[in-house]
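A short reminder: the numbers here are calculations on the coordinates, not readings from a lab. Predicted model only: the values in this text are computed from it and were never measured. Every residue, glycine among them, receives a Cβ derived from its backbone with ideal geometry; neighbour counts consider all protein chains shown.
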Amino acid sequence: MAEKCKTIRRAATAVAILPQDKHRPPLFDIKALKKRIGSRWLDVHEALAPSLTDALRNPGEHVPCPVQGGDDGFRFFDDVEVTGGGICNTCGPRSDGIALLQLSPAS
């Protein structure tokens, strides 16, 4: 459990320091972060993105988008444990957990 918490804290730090400018290199090694998270993206989403609670409680089902709202525009990809990604009918696909966390409001 302690290792899980450390990984989630590191992920939170990494996402918090990602550059907003697309032309600057990331301040954190994204590949290393993804490798460290491994197949624990659901834990990371649960800890860092409360707006994804509906999707976490109903895996594989369409739920309201955490950004756009609505009734059923968002869902996680089938391989969410490994990639962390999902798709919204309006916002479009987010191929991995980093991209999805950047989209998701913090609360």
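Summing Lys and Arg as +1 and Asp and Glu as -1 over all other residues whose Cβ lies under 15 Å from the Cβ of P66 gives a net charge of -2. Across the range 83-94, coupling constants 3J(HN,Hα) worked out from phi with the 6.51/-1.76/1.60 Karplus curve, θ = phi - 60°, read 9, x, x, x, 9, 10, 5, 9, 6, x, x, 10 Hz, and Gly and Pro carry x.
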